[in-house]
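The values are calculated or read from the model by the stated rules, or taken from the named source; none is laboratory data. Note that this is a predicted model, so its numbers are computed, not measured. Positions of Cβ are backbone-derived with ideal geometry, glycine not excepted, and every protein chain shown enters the neighbour counts. Remember, those area values only see protein heavy atoms, side chains included, never the ligands or the DNA or RNA. Shrake-Rupley method; radii C 1.70, N 1.55, O 1.52, S 1.80 Å.
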Amino acid sequence: MKKIIISTFAISALLFTTSCEDDFDTDVQDVVVTKGEADFSNYISLGNSLTSGYRDNALYIDGQNESYPSMIAQQMKLAGGGEFKQPLMADNLGGIPSVGIPNKKILAVVAGSLAPIDAPGTGTTTLANIYSAGPYQNMGVPGAKVAHLLAPGYGNPAGLPATANPYFVRFASSSSTSVVADALAQNPTFLSLWIGNNDVLGYATSGGDGSNPITPVNGSIGVGFTSTYTALVSTLFPTGTTRKGIVANIPNVTSIPFFTRVPYNPIPPEKFNTAPTGSPSNQNANIDALNTQVFGPLKQILTGLGQGSRIQLLSKTQGNLVLLKDESLTNLSAQITGALITAGVPIQQAGLMGQLYGQARHSTAQDLIPLTTSSVLGTTPSSPLAIAPFDKYGTTYPLEDKHVLRGKFDTMNGEVEEVLTATAAFNATIKSVAESKNLAFVDMNAKMIELNAKSGIAWNGVKYTATFVTGGTFSLDGVHLTGRGYAIVANEFIKAINNKYKSTLPQVDPNKYSGVKFP
């Protein structure tokens, strides 16, 4: 318990670091609230999990009540805005057991330290359709990509899991409708659209392993990002419409805590201590043995092949690099096996090392280690090749592709560069379409850069950054925001709306919303 108290105090101290500056510099709280050139009487929001209020790896009631569209709608009510209903989940766990969606993450003490775990209990949300209690104005659908918003049948339970989405199944007007069709059926006077993150995020969080590819920039509607996004916005804002709206671009997903929390050298020397509790540490002896018997010979062989930078010796004093399989490297399995046999290594062991290390390399500062990978480091993989001492994930057994988002190595670009290139292309499309439709535009990518800066941003003396947990803006999944983070987003939307349509909606106070909850 003492550890929790200390941690909580530390968090509070960080959150209340004072600053004389206020980065929400266009607040209009002392100005008479007006709608300007916009009509907020029927506001509808479209998007993905970020729009729905998703946080802590789940969608649950308290999070939905602190969604950024809900905050915006409350401010719009001061200028003639109407009702804003959300398709609330059944509880504050967020799990949907019938389709295997787990409960939200909570902080708990695990082995003496605070760590995110799945909240205990059984979620009570089902796929029963709740449209009759709607219609709903928050139409953010977790997991949605750009093409999904236009797709008929996205709410058809018979299409699960391939062509439908369980969250939209709950509030779709029919099995054949689309998100956009249900939105337009409500004849909105004002629309917000924040979509596109999942067109690149899924690739990044899956380590670029091919299971969730990046949406191609080019291609027909429903395939390419540019044509699909253009068609989506043109459907929402057809030529001649008086409807007003706002769109937002995509933050750089490689800068979120999911990719920045775990360093590229996360394995401390102490992890090599295998001595029983109370016995003298054998850390240095084990490191010496691995360097002498495994990594030293490997580095010597690879150096002779002109690939010495692939492997580094283990350190007794600093964090160690993770060992990963880089499928972009030339497979040197046969060369490694042959050299080891020549050096006197038994044939069977030489063959095993050749298979394991033919495309292996150590991480560099360019690689990103996902938050979820921390739980597998040092464990034993279920593979016939995992034979001691070659049986420790990330140390002697290379991490598979899904556990690392590879960065540039030597002269070769990696998966990180693919993500950044796609994000830049998507954002260029979003900006161009916003301008062509004369819509308000939010540069969320720029706001993410501000949050990542050491100085962060401030509201009434409270400092916010993108640092995991202690920064105050990101929830326990490292991808989605806290209530305070969503309030910052709401204010960016409000500022852009006011700037574009000459309204005077007041900003919200991020300090009044929730952050990460401690036990």
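In region 79-138, which residues are within 24 Å of the chain's Cα centre (by Cα), within 30 Å of PRO506 (Cβ to Cβ) and not in a loop (DSSP other than H, G, I, E, B)?
ASN138
Can you tell me which of GLY36, GLY47 is at pLDDT 95 or above and either under 23 Å from LEU201 (Cβ atoms) or touching a strand residue (DSSP E or B) at 6+ places or on another chain (Cβ under 7 Å) (or both)? Quick ask: steps written out before the conclusion?
Details: GLY36 fails: either under 23 Å from LEU201 (Cβ atoms) or touching a strand residue (DSSP E or B) at 6+ places or on another chain (Cβ under 7 Å) (or both).
When all the criteria are applied, what remains is GLY47.
Which of the residues that make up region 439-472 are part of a helix (DSSP H, G or I) and not basic (Lys, Arg)? Can you show your working first?
Going residue by residue through region 439-472, those that are part of a helix (DSSP H, G or I) are 444-452.
Within region 439-472, MET444, ASN445, ALA446, MET448, ILE449, GLU450, LEU451, ASN452 qualify.
Looking at region 412-431 only, could you name the residues that are charged (D, E, K, R) and either open to solvent by 30 Å² or more (accessible area, probe 1.4 Å) or closer than 24 Å to PHE237 by Cα (or both)? Steps first, please.
Applying the first criterion (charged (D, E, K, R)) to region 412-431 yields 415, 417-418, 431.
Result: GLU417, GLU418, LYS431.
Conditions: (1) over 30 Å from THR470 (Cα atoms); (2) in a helix (DSSP H, G or I). PRO216 meets all but one. Number of the miss?
All conditions are met except number (2).
What number goes with the only condition from (1) crowded, with 18+ Cβ neighbours inside 10 Å; (2) outside any loop (DSSP other than H, G, I, E, B); (3) at pLDDT below 95 that PHE24 does not pass?
The failed condition is (2).
Collect the residues in region 102-114 that are open to solvent by less than 30 Å² (accessible area, probe 1.4 Å) and over 17 Å from PHE468 (Cα atoms), keeping them in residue-number order. First the steps, then the outcome.
At the first step, the residues of region 102-114 found to be open to solvent by less than 30 Å² (accessible area, probe 1.4 Å) are 103, 107-108.
Listed by number, the list holds a single entry, ASN103.
With the checklist (1) in contact (Cβ under 8 Å) with a residue 12 or more places away in the chain; (2) within 23 Å of MET89 (Cα to Cα); (3) surrounded by fewer than 22 Cβ atoms within 10 Å (Cβ to Cβ) in hand, flag the one item THR125 doesn't pass.
Evaluating THR125 over (1) in contact (Cβ under 8 Å) with a residue 12 or more places away in the chain; (2) within 23 Å of MET89 (Cα to Cα); (3) surrounded by fewer than 22 Cβ atoms within 10 Å (Cβ to Cβ) leaves (3) as the failure.
Pick from region 450-472 the residues that are touching an Asp or Glu at 6+ places or on another chain (Cβ under 8 Å) and not aliphatic (A, V, I, L, M): which of them is most open to solvent (accessible area, probe 1.4 Å)?
Restricting attention to region 450-472, the residues satisfying the condition of being touching an Asp or Glu at 6+ places or on another chain (Cβ under 8 Å) are 450, 456-460.
Keeping just the survivors that are not aliphatic (A, V, I, L, M) gives 450, 456, 459-460.
Numbers: GLU450: 72, GLY456: 10, TRP459: 7, ASN460: 101 Å².
The residue in question is ASN460.
Here are some residues: SER220, SER234. Which one is within 16 Å of TRP194 (Cα to Cα) and hydroxyl-bearing (Ser, Thr, Tyr)?
Details: SER220 fails: within 16 Å of TRP194 (Cα to Cα).
Going through SER220, SER234 in turn, the sole match is SER234.
If you check ALA147, ALA181, ALA158, which single one turns out to be in contact with a Gly (Cβ under 9 Å, 6 or more places away or on another chain), open to solvent by 10 Å² or more (accessible area, probe 1.4 Å) and assigned to a helix (DSSP H, G or I)? Give the steps one after another, and end with the answer.
Numbers: ALA181 fails: in contact with a Gly (Cβ under 9 Å, 6 or more places away or on another chain); ALA158 fails: in contact with a Gly (Cβ under 9 Å, 6 or more places away or on another chain).
Just one listed residue meets the conditions, ALA147.
To keep it simple, each residue is scored yes or no on (1) in contact with a Lys or Arg (Cβ under 9 Å, 6 or more places away or on another chain); (2) surrounded by 18 or more Cβ atoms within 10 Å (Cβ to Cβ).
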position	(1), (2)
GLY53	no, yes
ASN57	yes, yes
MET76	yes, yes
ALA79	yes, yes
ILE117	yes, no
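Identify, from the list VAL345, VAL294, the residue that is more than 32 Å from the chain's Cα centre (by Cα) and open to solvent by less than 10 Å² (accessible area, probe 1.4 Å). Steps first, please.
Numbers: VAL345 fails: open to solvent by less than 10 Å² (accessible area, probe 1.4 Å).
None of the other options fit; the residue is VAL294.
Within region 228-263, how many residues turn out to be under 18 Å from THR421 (Cβ atoms) and not β-branched (Val, Ile, Thr)?
So the count comes out to 6.
Looking only at region 297-323, count how many residues are over 38 Å from the mean Cα position of the chain (by Cα), in contact (Cβ under 8 Å) with a residue 24 or more places away in the chain and surrounded by 13 or more Cβ atoms within 10 Å (Cβ to Cβ).
To start, the set of residues in region 297-323 that are over 38 Å from the mean Cα position of the chain (by Cα) comprises 297, 300-301, 304-305.
In the following step, the residues that additionally are in contact (Cβ under 8 Å) with a residue 24 or more places away in the chain were identified as 297, 301, 304-305.
From what's left, surrounded by 13 or more Cβ atoms within 10 Å (Cβ to Cβ): 297, 301, 305.
Looking only at that region, the number is 3.
Looking only at region 320-372, which residues are β-branched (Val, Ile, Thr), under 22 Å from GLU415 (Cα atoms) and assigned to a loop (DSSP other than H, G, I, E, B)?
Hits for region 320-372 are VAL322, THR330, THR364.
Considering GLY240, GLY278, GLY245, GLY306, which residue is closer than 27 Å to PRO69 by Cα, part of a loop (DSSP other than H, G, I, E, B) and not aromatic (Phe, Trp, Tyr)? Before the answer, list the steps.
Working: GLY278 fails: closer than 27 Å to PRO69 by Cα; GLY245 fails: part of a loop (DSSP other than H, G, I, E, B); GLY306 fails: closer than 27 Å to PRO69 by Cα.
After ruling out the rest, the residue left standing is GLY240.
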